[in-house]
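What follows is a set of notes on a single structure, which appears directly below.
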Amino acid sequence: MTNATVSKIFGQMADILEILGEDRFRVNSYRRSARILAELPSEADQLLRAGTLSKTPGVGKATVKKIEEYLEKGRIEAHQELLGKIPVSLLDLLSVQGMGPKGVKNAYDQLQVTSIPELKAAIEDGSLATLSGFGPKKCDGLRKAILFLEKASGRMRLDQARGVADQVMTFLKEQALVQRIEIAGSLRRWVETIGDVDILATPQDDVAPQAIIDTFTRADFVVDCLAAGPTQGSVLVHHSGTPIQVDLRIVEASSFGAAWQYFTGSKDHTMRLRDIALSKGMRLNEYGLYRTADASEPVFVTGQTEEAIYQGLGLDPVDPKLRQDRGEVEAAQAHTLPRLVTLEDIRGDLHMHTTASDGRCELEEMVTFGIERGYEYICITDHSASSIIANGLSGERLIQQIKAIRRLNEGYPEISVLAGSEVDILSDGRLDYEDGLLAELDFVVASVHSGMNNARDRGTARLLKAMDNPSVTCIGHPTTRMLGRREAMDLDMIAILRHAAETHTAMEVNSNPMRLDLNDLHCRMAIDHGVKLIINTDAHNEGGLDRLEYGVATAAKGWATKEDVLNTLPWEKLKEWMQMKQSRS
DNA sequence: GCCGTTTTCGGCCCGACTGTTTTCAGTCG
């Protein structure tokens, strides 16, 4: 938890320094430190002791010293000093679109505006309009931006963002104005929650970019147009009652790769590329890679494809899922990028429910769906007895289900149907079935469904104990988080992953877009600890089976290769892996 | 504040759009 706290402090310092008009590069440096801290694979004090923190790119002496200060005293003097200079509520104002550091400072100095409600009041009573830089259109825009903030429910899930993108792209394709149209931004990087949707297109021959922007900003689904220039437009679209920002950018085909790279980001990743370009006497922008050395005018080098941009910089092409400035630029330079796991690598789905518990489909239907998806095996994992709400199976019902699955297999030679269970991890870490019954199963995923507010040590102890059971192959949705609805359990993830490695237990990557649990950072930590992943859908109906790509993308964002994921193995090999744990006990 | 195959000082990504400051600063991505 320390990392998150220190990260927040650095973020605050960046915001305050920016409002105070400090050097913007210093501000950027604090902001980068904040991000790096939030994404660290271990607690900062551990990395500090190991000496790896100071070796992290972007973390210099001054930052390390401040972190040491925090660990020692629980506070950072420079942070306290900054907090004394402006009210902390002022930082909220930066979340209003159109309010930047200069505007915030101006409104505070002139009108003592220190919060969003006060800003709203200053707009309504006309006092804001008396300030230079706050004309009528600006004030109107701010009024709308505050309304947007009040209505918006924050970031949306990946699957929701995709729905919005599909709607817009389908519309634009129907207009026959674009030659090529692609998703960019965080949606293309499979970030677990999306702020706005970015779309990139090239025009058809003889179609002016402006015509496409005009069509886009006047479409039926647009509730408000935020900006509309000759080559790019921003609009608000309503999606299940909440406004979503969609940005469209039009470029020529010769610049498509450069634009796609730029528009995909992340911002930090792209800045690293532009850095490298400068160091090589080149310049990178959304139109292409240019040579600037030995010439008065920049000379176009390349721009049509992303691969050519990366190669022009001496880098291997980087999968969009890795573009987060978490070491992928260095790996691309050293030609050591991983070959990421793909959807095609997955041979079976090991977590799904039927009508026996809380699923919507019968056992045989799920088998048919598995065959249709080309799986070599599926595992039926209905809930266990304690999950009363989910109609969990009593021991007796589970025995009957095992028999039914054994019989069923005779009729489906093309697929192995495995008898499994998603067994509850009880409050003391015991499991919800007798060991003898668990041993009868082909596969067991053990999950927490109650007591999710357990204190850190207790919750962690529950998972550690569950892993000790030789029948448990995998911990299901380990943190139990639900994006936008429920926080992750407070767990000592390092201790859990160490124990997983010791006990030969795998970690699930739950593909439900509301869960994505483990998340990408935890996946990477698991791999670093030598822990195998299993990517499952946890499907409760046919559609649920098709969400596997979200789990695969999450694991890939954690740098997972095929070798890191157990359900890329044929069933016989997977069985051997499971037997290694059972024989050790 | 960070960083170094021209540098331990002097750089630091780069362009679009908006509004209103008649030539550009602020904001955004």
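Just so it is clear, none of the values below were taken in a lab; they were calculated from the coordinates. All values reported here derive from a predicted model rather than from experimental measurement. Here the Cβ is made from the backbone with ideal geometry for all residues, glycine too, and neighbour counts use every protein chain on show.
In units of the compact-protein estimate 2.2 N^0.38 Å, the stretch A:58-181 shows a Cα radius of gyration of 1.53. A simple packing score, the average count of other Cβ atoms within 10 Å per residue, orders the peptides A:556-567, A:425-436 as A:556-567, A:425-436, with the highest score first. Set the Förster radius R0 to 45 Å, insert the Cβ-Cβ distance between A:Ile371 and A:Lys8 as r into 1/(1 + (r/R0)^6), and round the FRET efficiency to 0.05. Once rounded, the FRET efficiency stands at 0.35. Classify the stretch A:189-236: rounded, prolate or oblate, from the alpha-carbon gyration tensor (a ≥ b ≥ c, eigenvalue square roots; a/c under 1.5 rounded; otherwise prolate if a/b is larger than b/c)? Verdict is oblate for the stretch A:189-236. Using only Cα atoms, locate the centre of the stretch A:414-439 and the centre of the stretch A:301-351, then give the distance between them in Å, rounded to an integer. Taking the Cα centre of the stretch A:301-351 as reference, the centre of the stretch A:414-439 is 38 Å away.
Cβ-Cβ distance of A:Glu252 and A:Asp428, R₀ of 60 Å, FRET efficiency by 1/(1 + (r/R0)^6): the value works out to about 0.40. For the stretch A:174-221, trypsin sites (Lys or Arg not before Pro) meeting the loop criterion (DSSP other than H, G, I, E, B) and having at most 14 other Cβ atoms within 10 Å: A:Arg218.
If the chain linking A:Asn409 and A:Glu344 were pulled fully straight, counting 0.36 nm for each residue of separation and taking away their Cα-Cα distance, it would gain 21.0 nm. Here the Karplus curve 6.51 cos²θ - 1.76 cosθ + 1.60, taken at θ = phi - 60°, turns the phi angles of the stretch A:229-243 into couplings of x, x, 10, 8, x, 10, 9, 9, 10, 8, 9, 6, x, 10, x Hz, with x standing for Gly and Pro.
If we count every other residue with Cβ under 11 angstrom of A:Ala332's Cβ, Lys/Arg +1 and Asp/Glu -1, where does the sum land? Here the charged neighbours net out to -2. Label sites at A:Ile399 and A:Asp206, each approximated as a point 7 angstrom past Cα along Cα to Cβ, lie 7.8 nm apart. Packing-based ranking of A:81-90, A:9-18 yields A:9-18, A:81-90, ordered from highest to lowest mean Cβ neighbour count within 10 Å. The phi-based Karplus calculation (6.51 cos²θ - 1.76 cosθ + 1.60; θ = phi - 60°) puts the 3J(HN,Hα) values of the stretch A:527-532 at 4, 4, 8, x, 9, 7 Hz, whole numbers, x for Gly and Pro. Name the shape class, rounded, prolate or oblate, that the alpha-carbon gyration tensor gives for the stretch A:124-234, where a ≥ b ≥ c are the square roots of its eigenvalues, rounded holds for a/c under 1.5, and otherwise prolate holds if a/b is larger than b/c and oblate otherwise. It is oblate, given that a/c is not under 1.5 and a/b is not larger than b/c. Within chain A, DSSP assigns beta bridges of which about 50% are antiparallel (rounded to the nearest 5). Prolate is the label for the stretch A:1-86, because a/c, from the alpha-carbon gyration tensor with a ≥ b ≥ c as root eigenvalues, is 1.5 or above and a/b exceeds b/c.
Amide hydrogen proximity for A:Ile535: with H placed 1.01 Å from N in the peptide plane, the residues at 5 or more positions away or on another chain lying under 5 Å are A:Val509, A:Leu566, A:Asn567. Its relative contact order, with pairs defined as Cα atoms under 8 Å and 6+ residues apart, puts the stretch A:1-157 at 20 percent. Dipole magnitude for the stretch A:156-250: about 200 debye, using +1 per Lys or Arg Cβ and -1 per Asp or Glu Cβ, origin at the Cα centre. If every alpha-carbon in chain A counts as one equal scatterer, what log10 I(q)/I(0) does Debye give at q = 0.09, 0.10, 0.12 1/Å? Treating every Cα as an identical point scatterer, log10 I(q)/I(0) equals -0.84, -1.02, -1.34.
Just going by the charge dipole of the stretch A:335-456, with Lys and Arg at +1 and Asp and Glu at -1 on Cβ, which of A:Leu393, A:Leu431, A:Ser357 is farthest out on the positive end? Value: A:Leu431.
The stretch A:150-208 and the stretch A:240-268 have Cα centres spaced 8 Å apart. Full extension of the chain between A:Glu150 and A:Gln333 gives 61.5 nm of extra length, using 0.36 nm per residue less the Cα-Cα distance. Between A:Asp517 and A:Asn510, the built amide H atoms are under 5 Å apart, and every one of these is 5 or more places off in sequence or on another chain. Scalar couplings 3J(HN,Hα) for the stretch A:204-213, obtained by applying the Karplus form with A = 6.51, B = -1.76, C = 1.60 to θ = phi - 60°, are 5, 3, 6, 9, 7, x, 4, 5, 5, 4 Hz; x denotes Gly and Pro. For the listed peptides A:469-476, A:304-311, a ranking on the average number of other beta carbons within 10 Å per residue, highest first, reads A:469-476, A:304-311. The stretch between A:Asp109 and A:Gln179, if pulled fully straight at 0.36 nm per residue, gains 20.2 nm over its current Cα-Cα span. So, R0 is 51 Å and r is the distance between the beta-carbons of A:Lys573 and A:Asp140; what FRET efficiency does that work out to, to 0.05? Once the sixth-power term is evaluated, E becomes 0.20. Using a simple spin-label model with pseudo-atoms 7 Å out from Cα toward Cβ, A:Glu77 and A:Ile388 lie 5.9 nm apart.
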